[in-house]
Amino acid sequence: MSTPPAPVPLPTDLTTLANVRAWLNAPTIDNSDAMLQRLLSAASVFAQTWMNRNIPIADYTERYTGTGSDTLALANYPIQSVASVTIRDWTVQPSPDGIRSGYVYDDRFLYLIGLPGPALGPFNGAPNVFPKFPPRAIGITYTAGYETVPPDIEQAVLELIALKWSDRSHFGQSSKSVGGEVVSYITADMPRGVATLLGNYKKVIPV
């Protein structure tokens, strides 16, 4: 009898198989690792889709249309580092001190500072802004996300997994009679408490 391959975690996973087993209080379920890992990965993707953002730290290379201001919100956050910024293929250097010309950033936004018109290179328009034209003329390479998944997000995913794991025995049922009593099941996409935990991280402003 061949041994099934070990389940493979994905970079998008928001918890671990060991933590799932501990939460389910089921460290010895036979031949369930592959199913639990699949459920773990699916719940992680569902949570991040609902939050409209990625959580684990990753590298991104993206193009943006400018805002016409000195501020640009990046799609993924918290921003950990910025490797390069280009505007219409002209490279913007990081500001050496947060005062002199260049770009700076915080955990959410990229800023242009101290760039008079000529310093922005060979293009027209207002100085010191991310230009709106042409579209997608701004290129950003950066690293963003959490090195460690926040505990409340991980807890929300564990509760989602536990709900779906228990739902295997009554899939599609909203209630059933047990010993003369009616037992009701949760049929929503996720419990209200899970939505509350994830809602703290939901990106509500499109970028």
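The values are calculated or read from the model by the stated rules, or taken from the named source; none is laboratory data. If you're wondering where the values come from, they're calculated on a predicted model, not measured in any experiment. Cβ atoms come from the backbone with ideal geometry, glycine included; neighbour counts cover every protein chain shown.
Within the option set R108, R100, being among the charged types (D, E, K, R), surrounded by fewer than 17 Cβ atoms within 10 Å (Cβ to Cβ) and at pLDDT 95 or above holds for one residue only, R108. In summary, T91 fulfils each of the numbered conditions (1) polar (S, T, N, Q); (2) at pLDDT 95 or above; (3) not assigned by TED's automatic domain parsing to the domain that holds V157 with the single exception of condition (2). At pLDDT 95 or above and either of a type outside the set (K, R) or surrounded by 13 or more Cβ atoms within 10 Å (Cβ to Cβ) (or both): is that true of N54 in this structure? Answer is yes for this residue. Against the numbered list (1) modelled with pLDDT under 95; (2) surrounded by fewer than 19 Cβ atoms within 10 Å (Cβ to Cβ), G66 comes up short only at (2).
Evaluate the range 174-191: report whether one residue or more is surrounded by 11 or more Cβ atoms within 10 Å (Cβ to Cβ), at pLDDT below 90 and closer than 17 Å to L14 by Cα. Yes.
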